[in-house]
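Heads up: the structure comes next, in C-alpha cells.
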Amino acid sequence: MALSSPGAVMALNALSYLISAICVLKMRRGMSMPQARTQDSAGTRKLLTDLQEGVAYIQQRPTIVPLYLVLLSFTMTIAMLNVLLAAFAKDVLKVGAAGFGSIHASFAAGAIVGCLLLPILRYWIDERRLMILGVAATGMCVLLFALSQNLWMAMMGHFLIGVFIETRVFYTTSAQRIVDLRYQGRVYATFATFFSLITLLIYLGMGLLQGVLSQRYLYGFQGVLLLLVAFLVARPSLSRLFPKDREQAPSLRKQGRKEEIPSLPRR
C-alpha cells in the first residue's frame, strides 16, 4: 500500500481469487460421493437440517471436538492478529502504513515457508509431536510478537506465527480422518458456522477492549491461551486422537512399500 494505493492492492487481491477459481476449474471432475438426501429441498430448511445432522453426528462422536477446539484457537489467533494489527503498528510500534504492510506481508511469507517446510519435518518428527509443537510454537511466537520493540522484531514474530500456524492442516486432516466421509460436509459446516460466530464476537470484543487494554496485553493473552491449549493437547488421555498408524509412513516409503489407508467407519 505504501508503494502504490489501497485500490491497486485490492485489485491484486481480486486477481489472486481469480487464479484460485481457475485452479478449482482445472480439478478432476466426474466424481461424486453419495449423500443422504432430505425430502425438503428448500434452502433455509435444508441448511438447518444439515446443521442438525452435523450436531447429532458430533454428539454421537465427541472425540472430534478437541481437534476442532484446537482449530478454534488458531482461528481466534488469526482474527486477533487481523483486528489489532493496524492499531498495534500505528500506536505501539509507530511504524506507519509502510511498516504495517511489511508486518502483514511477513505473515504471508511465513505461511508459504510453513507449507513448504512442514511436509519435510513430517519425515523427521511424528505427526503427534509436530501437532503439539505447532500449537506451542505459535503461542510462543505470539508472545514474541506482543513484546516487539521495533519493526524487525515484529516482522520476525509475525513471520514465525505464519510458519507454525500452518500445523492446523494436520488437525483438520486428523478430524476428517475420524469423521465418516458421508458426513464430512455437514460436520465441517457445523463447526465453521460456530467458528464464524466466535470470530464475529472476537472482532466486536477486541474493538471494545482496545480502548481499555494495550494491544500488547491482548496479544499476550492469546499467546498464553495457545500455550495452555498445547499443554491440554499433550495430555496422554488425548493421544488416541492422533493418527498413530501414519507415524510409520516415512519408513514405509523408504522401504518402497505402499502406505495403507485405514478404511472409514460406516454407520
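Since every read-out is calculated from the coordinates, none of them should be taken as a lab result. Treat the numbers as computed from the prediction; the structure is a model and nothing was measured. Cβ coordinates were reconstructed from backbone atoms using ideal geometry, including for glycine residues, and neighbour counts include every protein chain displayed.
Just a few scattered comments:
- Classified by the C-alpha gyration tensor, the range 124-208 has an oblate form. Its axis ratio a/c, with a ≥ b ≥ c, is 1.5 or above, and a/b does not exceed b/c.
- Fewest-first ranking of 229, 212, 9, using other Cβ atoms within 10 Å as the exposure measure: 212, 9, 229
- The range 51-133: C-alpha gyration tensor shape, a/c 1.5 cut-off, then a/b vs b/c: oblate
- Of the trypsin sites (Lys or Arg not before Pro) in the range 77-133, those whose Cβ has at most 12 other Cβ within 10 Å and which sit in DSSP loop: 94
- Database remark: amide H of residue 180 closer than 5 angstrom to no amide H (H placed geometrically; neighbours at sequence offset of 5 or more, or on other chains; Pro and chain starts carry no H).
- Estimated vicinal HN-Hα couplings, Hz - the range 70-84 in sequence order (Karplus 6.51, -1.76, 1.60; Gly, Pro = x): 5, 4, 5, 5, 5, 4, 4, 5, 5, 4, 5, 4, 5, 6, 9
- Ordering 177, 45 from the fewest to the most neighbouring beta carbons within 10 Å gives 45, 177.
- Per residue, the convex hull spanned by the Cα atoms of the range 74-235 measures out at 115 cubic angstrom.
- Listed values for the range 5-14 are Karplus-derived 3J(HN,Hα) couplings in whole Hz (6.51 cos²θ - 1.76 cosθ + 1.60, θ = phi - 60°), namely 7, x, x, 5, 5, 5, 5, 5, 5, 4, and x replaces Gly and Pro.
- Residues 23, 141, 115, sorted so that the one with the fewest Cβ neighbours within 10 Å comes first: 23, 115, 141
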